[in-house]
1. Across the stretch 129-157, what is the total count of residues that are loosely packed, with under 13 Cβ neighbours inside 10 Å and hydrophobic (A, V, I, L, M, F, W, C)?
2. For the stretch 1-9, does any single residue satisfy the condition of being polar (S, T, N, Q) and within 27 Å of residue 174 (Cβ to Cβ)?
3. Consider residue 116 against the criteria (1) among the aliphatic types (A, V, I, L, M); (2) part of a helix (DSSP H, G or I); (3) within 12 Å of the ligand (Cβ to nearest atom): it satisfies all of them except one. Which criterion is unmet?
4. For the stretch 59-94, enumerate the residues that are in a strand (DSSP E or B) and either within 8 Å of the ligand (Cβ to nearest atom) or not assigned by TED's automatic domain parsing to the domain that holds residue 156 (or both).
5. Scan the stretch 24-49 and report the pairs whose first residue is at positive phi and touching a residue at least 24 places away in the same chain (Cβ under 8 Å) and whose second residue is surrounded by fewer than 17 Cβ atoms within 10 Å (Cβ to Cβ) and outside any helix (DSSP H, G or I), with Cβ atoms within less than 7 Å and a gap of 6+ or a chain change.
6. Among the residues of the stretch 32-43, how many are assigned to a loop (DSSP other than H, G, I, E, B) and within 14 Å of residue 168 (Cβ to Cβ)?
7. State yes or no: is residue 110 at pLDDT below 95, assigned by TED's automatic domain parsing to the domain that holds residue 25, in a loop (DSSP other than H, G, I, E, B) and more than 15 Å from the ligand (Cβ to nearest atom)?
Amino acid sequence: MAFSFSVETTKVTDQPLIEHLLDIAFGIDRRVKTSYRLREGSQPAEGLSLVVRDTDVSVAGSISFWPLTIGPAGAPALLLGPLVVHPERQNIGVGLALMQEGLARAKARGHGFVILVGDAPYYARVGFQRLPEGQLILPGPVDPDRFLYVELLQGALAEAQGLVLPPHRFAEISARDLMPLAVPHQAERQKQSAESQ
Ligand SMILES: CC(C)(COP(=O)(O)OP(=O)(O)OC[C@H]1O[C@@H](n2cnc3c(N)ncnc32)[C@H](O)[C@@H]1OP(=O)(O)O)[C@@H](O)C(=O)NCCC(=O)NCCS
């Protein structure tokens, strides 16, 4: 029997079902992966968590995209993942439909490019290709053959170089970098205060 489906925006009530599906597909140790570090403490990008609901298996598939900040310039990008399709609903186009809809919505919202860690032959179906080695650095180990990108705006990748972080980590690290600059100012103030006493 043909299975017809539609891709919709994820609701809070879908989340426990999606987590269960992710545990089935990737195992409960999935959270130690480098791509999870890029999502820790973040929320998915606005309007870019999608689901295919199904009365028989609850959730047939799900995808989400996460905001990233790259390098000293703080270039923006998205992380795709996780993408998951229920074992009983695979190979009927659910994964492809989730990716196509997600990328179309991301482009409509003005995002420049998307990265992911995954199987290149599958993600090539929507244009993902291997990143130039060394251009982007992840905060953990990654197989370069599985570190992929697709541009939504031509030339967007060229703006990005360096360490890839969730936006809140970038903000913390930037603040820490500014600390040494603040210390001489404080020392200078103390010196001035001592001289005036
Ligand atoms: C990978 C996954 C998202 C694909 O979703 P799906 O809805 O079954 O895929 P689609 O129906 O859109 O596409 C099916 C096609 O992709 C191919 N395909 C599926 N997974 C693939 C993979 N990991 N690598 C290469 N090709 C793959 C299928 O062989 C099929 O090919 P065909 O069209 O030539 O017959 C889904 O199988 C899944 O959630 N798997 C568990 C998690 C996983 O293994 N992830 C690995 C990818 S990072």
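1. Residues flagged as loosely packed, with under 13 Cβ neighbours inside 10 Å and hydrophobic (A, V, I, L, M, F, W, C) within the stretch 129-157 amount to 1.
2. Let us first name the residues in the stretch 1-9 that are polar (S, T, N, Q), namely 4, 6, 9.
After this cut, where a residue has to be within 27 Å of residue 174 (Cβ to Cβ) as well, the list is none.
Looking for residues that are polar (S, T, N, Q) and within 27 Å of residue 174 (Cβ to Cβ), one finds none in the stretch 1-9, hence no.
3. It fails just one condition, (2).
4. Those that are in a strand (DSSP E or B) and either within 8 Å of the ligand (Cβ to nearest atom) or not assigned by TED's automatic domain parsing to the domain that holds residue 156 (or both): 61, 84, 85.
5. 47/9; 47/109
6. The number of residues fulfilling the criteria is 6.
7. Details: at pLDDT below 95: no; assigned by TED's automatic domain parsing to the domain that holds residue 25: yes; in a loop (DSSP other than H, G, I, E, B): yes; more than 15 Å from the ligand (Cβ to nearest atom): yes.
For residue 110, the condition - at pLDDT below 95, assigned by TED's automatic domain parsing to the domain that holds residue 25, in a loop (DSSP other than H, G, I, E, B) and more than 15 Å from the ligand (Cβ to nearest atom) - is not met.
The values are calculated or read from the model by the stated rules, or taken from the named source; none is laboratory data. Remember, it's a predicted structure, so these values are computed and weren't measured experimentally. Cβ: placed from backbone, ideal geometry, glycine included. Neighbour counts: every protein chain shown.
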